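The values are calculated or read from the model by the stated rules, or taken from the named source; none is laboratory data. Bear in mind that the values here come from a model prediction, so they are computed numbers and not experimental data. Cβ coordinates were reconstructed from backbone atoms using ideal geometry, including for glycine residues, and neighbour counts include every protein chain displayed.
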Amino acid sequence: MSRSIPVGYALARLPRYTSYPTAPQFGPLDEAAYRGWLAQVRPEDSLSLYLHIPFCRALCWYCGCHTAVTRSNGRIERYAEALRQEAGLLAAALPPHAGLAALHLGGGTPSILGAEGLRGLLAALRRLFPVRPGAELAIELDPRVLDEPIVAALAEGGITRASLGVQDIDPAVQKRIGRMQPEAVVERAVALLRAAGIAGINLDLMYGLPGQGVAQVAATARFAAALGADRVAVFGYAHVPWMKPHQNAIPTDALPGALERLLQAEAAEQALVAAGYEAIGLDHFARPADPMAAAAREGRLHRNFQGYTTDAAPVLLGLGASAIGSIAAAGYAQNEPNERRWVAAVEAGQLPVRRGRAVTAEDRLRRHCIERVMCDFALDLSGLPPALQAEVRPALAPLASDGLVELTAAGLRVTAAGRRHVRHVAACFDAYLGTGAGRHSVAV
């Protein structure tokens with residue numbers, strides 16, 4: 001069990017490694033450079049789109065997303081129109097490609113666009129980017145504001161998967177995070193989606209919340225399993241009030257300690273595995289027949305800004321304020337985070353990128369190593385350049401002594417006890433760790 005690993009590993013602050021180089025290494029990126037990257041897309045390259053809708057009607061205190069509270073429908077409608085315009089700009093900038101393999105609408109609360117707003121946006125995207133057979137079209141949803149017209153619009157637009165935020169089912173915990181959500185609300189949302197033919201159901205849970213204990217985490221995991229979710233994500237709450245000031249509503253002394261967080265994460269895993277789920281990567285679980293479970297078994301699992309994914313598209317285009325995209329061969333591009341400046345740039349006919357990072361051949365090699373460690377818990381070291389081996393083997397040796405990894409002449413394998421601490425293993429391949437201005441969440 002993870003308790004055999006020194007608890008200090010759980011206290012370290014490390015990147016989540018949803019990209020490499022990580023976001024603190026990004027710098028200024030202009031539109032001309034980004035257009036040059038887009039021009040490198042090949043006819044055989046499939047596309048993935050991420051659209052960020054940064055609005056909520058109320059702010060949950062634990063939230064770490066780039067979002068804002070608004071009551072202005074005009075503001076939301078103008079933003080939705082700008083999303084359609086940005087999609088058109090990107091479509092016009094791209095050379096021939098292999099079509100859309102994946103779509104993800106995140107936030108915020110994407111359903112804040114309303115039924116007609118979602119219907120228009122999805123129709124525009126399908127016109128601009130031909131959808132490949134078997135493409136996964138997904139959306140994040142708040143069960144509390146989901147209704148039949150919205151579900152109907154999503155089904156009409158081709159949505160195949162929905163991720164619902166559950167966090168914890170205990171009303172006492174919900175009160176302490178500013179999100180009251182009875183179990184019946186989640187159950188109704190799942191029923192509405194399934195009745196409309198949206199069969200892929202993900203449920204997102206959290207541990208490490210204020211006032212939360214092992215019993216609450218385990219009960220919430222059993223609730224998710226009883227609903228028959230195809231995938232369950234169990235995220236550790238990241239308390240970063242220096243980045244998200246609204247988290248100051250959560251007293252630090254109300255948060256579980258490192259050992260308690262470990263116990264909570266293990267309790268969720270035990271409950272889900274007992275219910276027939278397979279553990280996927282650091283924090284995901286899937287039914288054995290789910291494509292994510294198959295991808296994990298076959299070494300085809302990937303990791304991007306949405307976490308673990310089956311999406312293998314080499315081109316991820318980020319749309320919306322603050323959205324990040326990547327072109328595997330070229331680099332990362334992040335949009336203007338300020339909503340008003342983003343809208344103004346799009347309305348002026350500009351691709352609204354502001355920050356990014358070109359990747360070198362060495363970056364791509366290290367990115368591959370980090371992704372495979374995070375996804376497969378194993379890596380063949382024998383084919384790596386001698387200089388990189390000479391760098392990482394001494395860094396891995398203390399982790400091997402502490403039981404996180406097993407090292408051989410051929411490669412490494414993360415132990416069962418070390419899996420929850422896999423970010424430490426990935427960090428051994430990070431040439432930039434400790435540079436830049438970023439502060440990270442705790443490792444567990």
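Structure notes:
- The single residue among 413, 372 that is more than 23 Å from residue 330 (Cα to Cα) and among the basic types (Lys, Arg) turns out to be 413.
- Taking (1) modelled with pLDDT of 95 or more; (2) under 20 Å from residue 15 (Cα atoms) in turn, residue 242 satisfies each apart from (1).
The rows are residues; the columns are (1) touching a residue at least 40 places away in the same chain (Cβ under 8 Å); (2) within 27 Å of the chain's Cα centre (by Cα); (3) more than 23 Å from residue 12 (Cβ to Cβ).
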residue: 385; (1), (2), (3): no, no, yes
residue: 395; (1), (2), (3): no, no, no
residue: 401; (1), (2), (3): no, no, no
residue: 408; (1), (2), (3): no, no, yes
residue: 416; (1), (2), (3): no, yes, no
residue: 419; (1), (2), (3): yes, yes, no
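- Which listed residue is touching a residue at least 12 places away in the same chain (Cβ under 8 Å) and either over 23 Å from the mean Cα position of the chain (by Cα) or within 17 Å of residue 140 (Cβ to Cβ) (or both), from 236, 208, 228, 213: 213
- Qualifying residue in the stretch 193-204 (condition: of a type in the set (Lys, Arg), farther than 22 Å from residue 318 by Cα and buried (at least 17 other Cβ atoms within 10 Å of the Cβ)): no
- Among the candidates 382, 326, 322, residue that is part of a loop (DSSP other than H, G, I, E, B), at negative phi and polar (S, T, N, Q): 382
- Considering the stretch 424-444, and only residues there that are modelled with pLDDT under 95 and either in contact with a Cys (Cβ under 7 Å, 6 or more places away or on another chain) or of a type outside the set (A, V, I, L, M) (or both), the residue that is surrounded by the fewest Cβ atoms within 10 Å (Cβ to Cβ) turns out to be 434.
- Sole residue being part of a strand (DSSP E or B) and either closer than 20 Å to residue 365 by Cβ or among the β-branched types (Val, Ile, Thr) (or both), chosen from 388, 412, 396: 412
- Within the set 282, 317, 262, the sole residue that is modelled with pLDDT of 95 or more and either crowded, with 20+ Cβ neighbours inside 10 Å or not assigned by TED's automatic domain parsing to the domain that holds residue 204 (or both) turns out to be 317.
- Within the stretch 1-44, the residues that satisfy the criterion of being among the aliphatic types (A, V, I, L, M), modelled with pLDDT of 95 or more and in contact with a Gly (Cβ under 8 Å, 6 or more places away or on another chain) are 29, 33.
- Candidate set: the stretch 247-259, residues that are among the aliphatic types (A, V, I, L, M) and in a loop (DSSP other than H, G, I, E, B); chosen: the one surrounded by the fewest Cβ atoms within 10 Å (Cβ to Cβ): 255
- Selection from the stretch 285-314 of residues that are of a type in the set (Lys, Arg) and surrounded by fewer than 17 Cβ atoms within 10 Å (Cβ to Cβ): 297, 300
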